[in-house]
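Structure first, then comments.
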Amino acid sequence: MGYGVPSWVEKDLRAYLRCGILAHGFARVRCDDCGHKRLLAFSCAGRGVCPSCNTRRMAEVAAHITDHVLPHLPVRQWVLSVPKRLRPFLESNTDIAGAVLRIFVRAVRTTLCRASPDAPRNAQLGALSFLHRFGSSLNAHFHFHVVVLDGVFARDVDGEARFHEATLLQCEHWHELQRVVQRRVLRYFRRHDLLDEADAHGMLSWQSSGGFSIDASVRIEGEDRAGVERLLRYCARPPFALERLYAPGGIVSLSSPESRLVYRLPKPAPDGRTELLLSPLQLLERLVRFIPPPRVHRHRYHGVLAPNAKLRAAVTYIGRPEAETPGTQPPSPLSTSPMRQPSIDAEPARPTNPARVRWAVLLARIYEVLPLLCPACGGPMRIVSFITDPPVVVAILEHLELPHTPPPISPARGPPQGDFLLDQTPAFEPTEAEPVPVFVFDQS
């Protein structure tokens, strides 16, 4: 690849090589009705290249935000793209990316206040943002997706939270917003000596908005909870989809220069291509750029949806159904309706984190099938044990005639230049009569 990678990238890649392999440990699942058993492999819980773990996190984030964070109010997606010249700064420095995001969110709040009738000047928006480091064609493209409640919130005379919908918002508003964001972002880069004065002035003189692009055409009504969840899944989606990747010959080898992989694009590229033809190393080179640094949030909350916002509890409850009455059946795991409050007569349940959704329920929301249903009798299955001791793992897998050794991982090799057969004998042998010449270079 020609360059090294950070330590967290190597860690994520090595964890992915252990994901879903029974030889590294598994959970035993059993049906109490018929006794049918099944083995479930452990996942790597990676944040970078693992399609399975990224899909689970996408579904978990979308389900939690839909059920517990966003009220039943209309939402709009705002997308911000910056010029290619500024993207390397955002990719390498999270502080700069956060500053650009704050500039954009403040400008959106001002725009919504102007488009909301009777909204006071101190009204606040409710939003959550997603940072994307990738494009749809496996290209490096740092941009922002911000899901914003289509209006602003303020306290009324009774102290209650009141929603002012942005009914006057038009296309001209976000076209004007592009110029505002362009000026403020370039001012920030100039103030922090990231751009020269001449370069910043030149980017301001570019046609249209100078590479800054804002789109806010996607709007979903508050009662369309399934549509809101689909939008959140799109914003929290992984860098690539495994079902779009395949090998034409069926066999891929890193040592073979003829090996090729094909990645089908979700939509045609600007040059008309519908597929990417990549070698295995070229695919890895693209994927490592999408692995986020550790301890960096994948999504953030803003305004009244921020964790410490005073109006958060009142805003998130808007539009939710009333508490369940005694004797009411609990909601189905396939339903996208919000989680209701338990009844007073019910036995106090064990406190759980609403942001953590069961793996089985997540799969049910995606594929509309419960994975912990017995394939033999249709009864419920439960996890009875976790097997991590290597001798026990090997014994069980050998008894079931399953592979009990993980696939071998080749050790890291040196640069390919070391394999070349080059003549290493020096062309000049120094002698006492002709010493080695000393060259002096101007290093000013």
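The values are calculated or read from the model by the stated rules, or taken from the named source; none is laboratory data. Please read all numbers here as calculations on a predicted model, not as lab measurements. Glycine gets a Cβ as well: all are built from the backbone with ideal geometry, and neighbour counts include every protein chain shown. Just the protein is used for accessible areas: all its heavy atoms, side chains included, with ligands, DNA and RNA removed. Shrake-Rupley method; radii C 1.70, N 1.55, O 1.52, S 1.80 Å.
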Q. Among (1) touching a residue at least 12 places away in the same chain (Cβ under 8 Å); (2) open to solvent by 30 Å² or more (accessible area, probe 1.4 Å), where does residue 222 come up short?
A. (2)
Q | For residue 305: the one exception among (1) open to solvent by 50 Å² or more (accessible area, probe 1.4 Å); (2) within 30 Å of residue 48 (Cα to Cα); (3) at pLDDT 80 or above | A | (1)
Q | Residue pairs meeting the criteria (Cβ under 9 Å; at least 6 apart or on separate chains; first part of a loop (DSSP other than H, G, I, E, B), in region 283-299; second of a type in the set (Asp, Glu)) | A | 291/12
Q.
For residue 190, only one of the following conditions fails: (1) in contact with a helix residue (DSSP H, G or I) (Cβ under 7 Å, 6 or more places away or on another chain); (2) surrounded by fewer than 18 Cβ atoms within 10 Å (Cβ to Cβ); (3) in contact (Cβ under 8 Å) with a residue 60 or more places away in the chain; (4) closer than 25 Å to residue 98 by Cα. What is its number?
A. (3)
(Q) Just to be sure before I move on: is residue 129 within 30 Å of the chain's Cα centre (by Cα), part of a loop (DSSP other than H, G, I, E, B) and closer than 25 Å to residue 100 by Cα in the structure I sent? (A) no
Q. Are any residues in region 105-125 touching a strand residue (DSSP E or B) at 6+ places or on another chain (Cβ under 6 Å), assigned to a loop (DSSP other than H, G, I, E, B) and closer than 18 Å to residue 310 by Cα, and if so, which ones?
A. 120, 123, 125
